[in-house]
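Right, one structure below, let's go through it.
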Amino acid sequence: MANIISDETIEYVGILAKLELSGEEKEAAKKSMGEMLDYIDKLNELDTSGVEPMSHVFPVQNVFREDEVTNGDESGRTLQNAPSEKDNMFVVPKTFD
Amino acid sequence: MAKEYETVIGLEVHVELATRTKIFCGCSTAFGGRPNSHTCPVCTGMPGTLPVLNRKVLEYAVSVGLATNCDITRYCKFDRKNYFYPDNPQNYQISQLYLPICRNGYVEIETAEGTKKVGIHEIHMEEDAGKLIHDEWEDCTLVDYNRSGVPLIEIVSESDMRSAEEVIAYLEKLRLIIQYLGASDCKLQEGSMRADVNLSVREAGAEQFGTRTEMKNLNSFRAIARAIEGERARQIDLLEEGKAVVQETRRWDDTKETSYAMRSKEDAQDYRYFPDPDLTPVSISDEYLEELKGRQPEFRTEKMARYKAEYDIPDYDIEIITGSKHMADLFEATVARGSQPKRVSNWLMGETLRLLKEKELDPEDIRFSPGNLAKLIAMTESKAINSTVAKEVFEVMFMEDMDPEQYVEEKGLKTVTDEGALRKTVEEVIAANPQSVEDYRNGKEKAIGFLVGQTMKAMRGKADPAGVNRMLKEMLK
Amino acid sequence: MDKKQLLSLSATALGAAIKAGETTAVEAMEAVLEQIEARESTYHCYVTIERESALAKAAAVQGKIEAGELTGPLAGVPVAIKDNLCTEGVLTTCSSKILENFIPTFSSQAFLNLEKAGAVLVGKTNMDEFAMGSTTETSYYGVTRNPRNPEHVPGGSSGGSAAAVAAGECFFALGSDTGGSIRQPASYCGVVGMKPTYGTVSRYGLIAYGSSLDQIGPLTRTVEDCAAVLEVIASHDPKDSTSIKREDTDFTAALVKDVTGMRIGIPRDYFGEGLDPEVKEAVLRAAELLKENGAILEEFDLSLVEYAIPAYYTIAAAEASSNLERFDGIKYGYRAEHAEGLHQMYKKTRSQGFGPEVKRRIMLGSFVLSSGYYDAYYLKALRVKAMIKKAFDQAFERYDCILGPVAPTTAPKLGESLVDPMKMYLGDIDTISVNLAGLPGISVPCGTDSRGLPIGLQLIGDCFQEKKLIRAAYTYEQVSQDA
């Protein structure tokens, strides 16, 4: 396996993705991520110099909406699925500022 | 010997655009309203929702770019900036990193050493976050998404500024340009204009920049100036002690006049930007650019020149009036209703500025309408009210923008024009103040003033003082 | 009409029978619900079944049909919707624990179009969690079994939709296809499945997996049904910036049994190593049949096929890592209890709420986008995507469509695939490039293997050329039934 995923990498990606893995899961993640990256490295066989990265398949551009208010007060709907709410707002654990 | 240090400052200015709706959905951007009342599935990050760009946002962003001498990016895209925070319902912010809408601009500022160019690195479009409210009672945080998705432009300057004065001059300049464009009201206190300060210090003459910090939460020009001074001193102290400045984001606490680092081990500061697949690229045509160029308004310099040519008002007045787009609009609209420019200017320069200062308001906060100001001016001109009454009426109008004619009518403040009634009062005053009459007749001109005052008092202010004066003189002949 | 006879009808045949007064929307729904009662405990096609409201809605639709307000071919026909399509007021889980209680306040545009046409919702179908998987085994709510052989998987990720159509637990279904998730389960379950050109069906209300690849499409019993459903769900939607305005959405006009002169390319790359000989034989036999009916066949090298999977997994995982950030326990869905502070709440909620396959892809996606790797992985994949698109463009200069298998094998047994995710990913080799290039693709049943498991024939068209696919698929379906 060419790509060795370190504990630090798994830890770091866990912070980015907000995932907390158990010891067992971490080992599995290291293995599978390494395998996937080895496989993805196959792309390096291809010479892509001069090729523009294609994020959209079709050249659709300039899609706009007009600046007109179309929504009314939907706060009831907005909060309908909230796990915790108070005074028409979502409740979250204390943030630091 | 103490070393000399130079401060190097760059600014990231966020400006809320004056669109009716949010950047990617049809929710209102209006202030106020109960929490989450201006929200929909899109701006609250409901699963399955998609963004569609508000046409007006692009228009404002390009207009600001044109007015700040930027190159407009002809093919631009939106990127996702990924980070978890509750004010950001998708946990990514739609912004622009790789192809921002404007680049390589500048504005000119006046400094003690003359005109200076401050470079603009880029301007990009992005969405604002919601509001977090601390709930003391339950020690938790509450989230309101009314501001989530309000359109912003972020104007990133080059590190061209060297002092708080230059920073303020730059901000004033940006604010005027943007207000003149009508792209935002740019109120620092209300957060429709926000500035983050990137600051580093280096020994005078050094080639390299020092390590910079980013300062957030600056809500007024005063706070910005104080934060710059504070951070400059803090960094110099560190260097003098042989310590290193850490590159970090700091939050300014203006009441304590100090800043603290906003750090957490849970924040990696790795935003994993990538082009948002839900939004299509924006391509800008020559025609579109020409159209927007054609629609650029008269900016301050042109307006000042025109005022000088068209109106007989002092340069100082022109300077103050054009210093606020709102005030200039008010001035022009009042003049357009037939008021004499000089009189309009006098009301703005005198009572308006006095009241703004007294009430700690910004010219942008002026609420009275040109129509009502014109009516008030007309009433003083026709002597329907005297100047003391006019000032009283104006003060009420300044706060409530009521119709001055109706107000004067209702309160019975009209100058008494009934000759007979006035003559009777003057006779009474003359009879009651023989000493003053005597003095006047003996050549003490000043004594007439006292008699006028007594008459005005007896008329409860509703007389024309000049007329009273004339009548007294006539009767004491 | 008796229940058995009723259930044997295609969606359009049922629609016609209702219109003709031979049966009613309510009878059709009752038949479907009875079938569900009898079979669901075995197959488990659904996460949510709308037992009560389905009959009431069917009655309301029947009234409108009789009043002449609903006249379309799908009026009164029971439909199953994949559980990643939002349905207002109806639980929508993506087969994930993290959305175990999520009731959308709006419906996906595709479903709205169906409702407007008079189709009636039976329920929400099981799927791989967040559409990540090829077997419907990663669902938090249990596996779905293949109605053709319950020991086998139905494929995925739209496995519940394909199985529901195959089991007669609905008359047609909607699925979503990011890397083959409609075509592959259609193939495994022996039904018709189509992934339209990117932008043809609005993605509004589709809970995103890989936004640049996702596309909603029909799973049906016949090609005619497929065309009729596509005609209804295809629409330009101002709420989806990537939605495309098309004039040519009268797909049923392409139901013509004639392929004379149609040029069909057969990529050698799709018939190489790893292809089950029985699948190969069945697909080539289907090609022969088209040739006998006037099509011109030609073998060619498509190239780059082996690079599609790594490019796909990079792009899909990257987009997914960002798309799935919104599931954080604040606004909706599952929220972990007993979390100390905000970041613990995020981590616990997401770690408990997502299953292993979803976490695997989120981790990979976050990594390939992270500082220092973006260019090497993500941009590289987008460049390869551009090359793959170009290879297809070149092929479509010569061919009206491309023919190949949908998957290298027939449906694997339950439990065989998840032990080796890499192997499962490789099974997507025949379907994935179509998504990268935004092309339409259709899967049509073309026989069974020696164990009786269905085999699918895949036809791939140039972008916006669904009509050519429908014509070829319809012709094949008709002549193979004649044969």
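Helix-only estimate, please: 222 nm mean residue ellipticity of chain C, summing -39500 (n - 2.57) across DSSP H runs of length 4 or more and dividing by its residues, to the nearest 500.
-12500 deg cm²/dmol
Can you tell which of C:Phe130, B:Ile228, B:Thr280 lies farthest toward the positive end of the dipole of the protein assembly as shown, using +1 and -1 charges on the Cβ of basic and acidic side chains (Lys, Arg; Asp, Glu)?
Positive-end residue among those listed: B:Ile228.
Rounded to the nearest 5, what is the percent of antiparallel bridges among the DSSP beta bridges in chain C?
Here the antiparallel bridges make up roughly 65 percent for chain C.
Once the Cα atoms of helix B:55-67 and of chain B are each reduced to a long axis, what angle between those two axes, in degrees from 0 to 90 to the nearest 10, is obtained?
The two axes meet at around 80 degrees.
Counting only helical runs of four or more DSSP H residues, what would the 222 nm mean residue ellipticity of chain B come to if each run contributes -39,500 (n - 2.57) and the total is spread over all its residues?
-11500 deg cm²/dmol
Separation of the stretch C:218-260 and the stretch B:81-124 by C-alpha centroid, Å?
Using only Cα atoms, the two centres lie 44 Å from each other.
Chain C: percent of C-alpha pairs farther apart than 38 Å?
Beyond 38 Å sits 18 percent of the P(r) for chain C.
Tell me, how many Å apart are the Cα centres for the stretch C:402-432 and for the stretch C:332-387?
24
Please determine, in degrees from 0 to 90 and to the nearest 10, the orientation of helix A:23-40 with respect to the longest principal axis defined by the Cα atoms of chain A, where the helix direction is its Cα long axis.
Value to nearest ten degrees: 70.
Under 20 Å Cα to Cα from B:Lys308, which lysines show up? Leave out anything in the same chain fewer than 8 places away.
B:Lys325, B:Lys342
With θ taken as phi - 60° and the coefficients 6.51, -1.76 and 1.60, list the Karplus ³J(HN,Hα) couplings across the stretch B:108-123 in order, rounded to whole Hz; mark glycine and proline as x.
Each residue's phi maps through the Karplus curve to give 9, 10, 9, 10, 4, 8, x, 6, 9, 8, 10, x, 10, 5, 6, 10 Hz.
Between the helical axis of B:465-475 and the dominant principal axis of chain B, each derived from Cα atoms, what acute angle in degrees is found, rounded to the nearest 10?
The two axes meet at around 10 degrees.
Quick one: order B:Ser324, C:Ser480 by neighbouring beta-carbon count within 10 Å, fewest to most.
Neighbour counts put them in this order, fewest first: C:Ser480, B:Ser324.
Under the Karplus relation 6.51 cos²θ - 1.76 cosθ + 1.60, θ = phi - 60°, what is the ordered set of whole-Hz ³J(HN,Hα) values for the stretch C:200-208, x standing for Gly and Pro?
Going residue by residue, I get 6, 10, 4, 8, 4, x, 8, 6, 5 Hz, with x marking Gly and Pro.
Mind checking the mean number of beta-carbon atoms from other chains within 10 Å of the Cβ atoms in B:20-30?
Working: counts 4, 7, 3, 2, 2, 4, 9, 6, 5, 2, 1.
Average per residue, whole number: 4.
Give me the lysines in straight-line cross-link reach of C:Lys57: C-alpha distance below 20 Å, same-chain residues under 8 apart excluded.
In chain and number order, the partners are C:Lys3, C:Lys19, C:Lys82, C:Lys116, C:Lys124.
Once you treat every alpha carbon in the stretch C:1-140 as an equal point and sum by Debye, what is log10 I(q)/I(0) at q = 0.09, 0.16, 0.20, 0.21 Å⁻¹?
-0.28, -0.83, -1.17, -1.25
Rank-order B:9-18, B:23-32 by packing density, defined as the average count of other C-beta atoms within 10 Å over each peptide's residues, highest first.
B:9-18, B:23-32
Partner chain Cβ atoms within 10 Å, averaged over the residues of A:34-45 - can you pull that number for me?
Mean shielding count: 6.
Give me the net charge of B:Ala328's neighbourhood, meaning all other residues with Cβ under 13 Å from the Cβ of B:Ala328; Lys, Arg count +1, Asp, Glu -1.
Overall, the nearby charge balance is -4.
Across bins of 20 angstrom width beginning at 0, how are the C-alpha pair distances of chain B distributed, in whole percent?
Pairs per bin, as whole percents: 19, 43, 25, 12, 2.
From the Cα gyration tensor of the stretch C:3-254, with a ≥ b ≥ c the square roots of its eigenvalues, which class applies: rounded if a/c is under 1.5, or else prolate if a/b is larger than b/c, or else oblate?
Because its axes are fairly even, with a/c under 1.5, the stretch C:3-254 counts as rounded.
Around B:Asp79, which amide H atoms from residues at least 5 apart in sequence, or from another chain, sit under 5 Å from its own amide H, with H modelled in the peptide plane?
The list, which skips near neighbours in sequence, is B:Ser95, B:Gln96, B:Leu97, B:Asp276.
Treat each spin label as a single point 7 Å out from the Cα along the C-beta direction, and report the B:Tyr106 to C:Asp250 distance in nm.
About 6.2 nm, to one decimal.
Hey, what D do you get for the stretch B:298-411 in µm²/s if you plug the Kirkwood alpha-carbon radius into Stokes-Einstein at 4 °C and 1.567 mPa s?
It diffuses with D of about 91 µm²/s by this estimate.
Classify the stretch C:395-450 as rounded, prolate or oblate from the Cα gyration tensor: take a ≥ b ≥ c as the square roots of its eigenvalues, call it rounded if a/c is under 1.5, otherwise prolate when a/b beats b/c and oblate if not.
Oblate.
Lys and Arg at +1, Asp and Glu at -1: add these up for the other residues within a Cβ distance under 9 Å of C:Arg268 and post the number.
Details: positive: none; negative: C:Asp269, C:Glu299, C:Asp301.
It works out to a net charge of -3.
Per residue of C:466-475, count partner chain C-beta atoms within 10 Å of its C-beta, then hand back the mean as an integer.
The shielding value for this peptide is 0.
Treating the beta-carbon of each Lys and Arg as +1 and of each Asp and Glu as -1, no other charges, what is the dipole magnitude of the protein assembly as shown about its Cα centre, to the nearest 20 debye?
1640
Quick check on the stretch C:196-315: take the gyration tensor over C-alpha atoms, sort the square-rooted eigenvalues as a ≥ b ≥ c, and tell me if it's rounded (a/c under 1.5), prolate or oblate.
Verdict is oblate for the stretch C:196-315.
For the stretch B:95-253, what is Rg from Cα atoms divided by 2.2 N^0.38 Å, rounded to two decimals?
That works out to 1.16 for the stretch B:95-253.
Treating only the Cβ of Lys, Arg, Asp and Glu as charged (+1, +1, -1, -1), what charge dipole size does chain C show about its Cα centre? Round to the nearest 20 debye.
Charge dipole of chain C: 920 debye, to the nearest 20.
Determine, for C:Thr431, A:Thr48, the number of other Cβ atoms within 10 Å of each Cβ, and report the residues in order from fewest to most.
A:Thr48, C:Thr431
Using only the alpha carbons of the protein assembly as shown, determine the length spanned along each of the three principal axes and report them from longest to shortest in whole angstroms.
135, 84, 57
Excluding residues on the same chain fewer than 8 positions from B:Lys414, give the lysines whose Cα lies under 17 Å from its Cα.
B:Lys375, B:Lys383, B:Lys391, B:Lys457, B:Lys462
Can you give me the C-alpha center-to-center distance between the stretch B:357-422 and the stretch B:251-291, rounded to a whole angstrom?
Answer, in whole Å: 48.
Can you flag which of B:Lys303/B:Lys357; B:Lys117/B:Lys216; A:Lys42/C:Lys97; B:Lys131/B:Lys256; A:Lys94/B:Lys243 are past 28 Å Cα-Cα? Display every interim value, and only then the final one.
Numbers: B:Lys303/B:Lys357 25 Å; B:Lys117/B:Lys216 24 Å; A:Lys42/C:Lys97 34 Å; B:Lys131/B:Lys256 23 Å; A:Lys94/B:Lys243 34 Å.
Long pairs (Cα-Cα over 28 Å): A:Lys42/C:Lys97; A:Lys94/B:Lys243.
Once the dipole of the stretch C:3-254 is set up with Lys and Arg at +1 and Asp and Glu at -1 on Cβ about the Cα centre, which of C:Gly205, C:Gly142, C:Ile103 lies farthest towards its positive end?
C:Gly142
Can you find, among C:Gly190, C:Val358, C:Gly261, the residue sitting farthest towards the positive end of the charge dipole of chain C, where Lys and Arg contribute +1 and Asp and Glu -1 at Cβ?
Going by the Cα projections, it comes out as C:Val358.
Per residue of the stretch C:150-155, in order, report the coupling 6.51 cos²θ - 1.76 cosθ + 1.60 (Karplus, θ = phi - 60°) as ³J(HN,Hα) in whole Hz, putting x for Gly and Pro.
Per-residue couplings from phi come out as x, 7, 10, 6, x, x Hz.
Please arrange C:His236, B:His121 by how many other C-beta atoms lie within 10 Å of their C-beta, fewest to most. Write down the numbers at each step before the final one.
Values: C:His236 15, B:His121 18.
Ascending Cβ contact count within 10 Å gives the list C:His236, B:His121.
None of the figures in this text is laboratory data; all of them are computed from the coordinates on show. Everything quoted here is computed from the prediction, not taken from an experiment. Quick reminder, even Gly has a Cβ in these numbers, built from the backbone with ideal geometry, and neighbours come from all protein chains shown.
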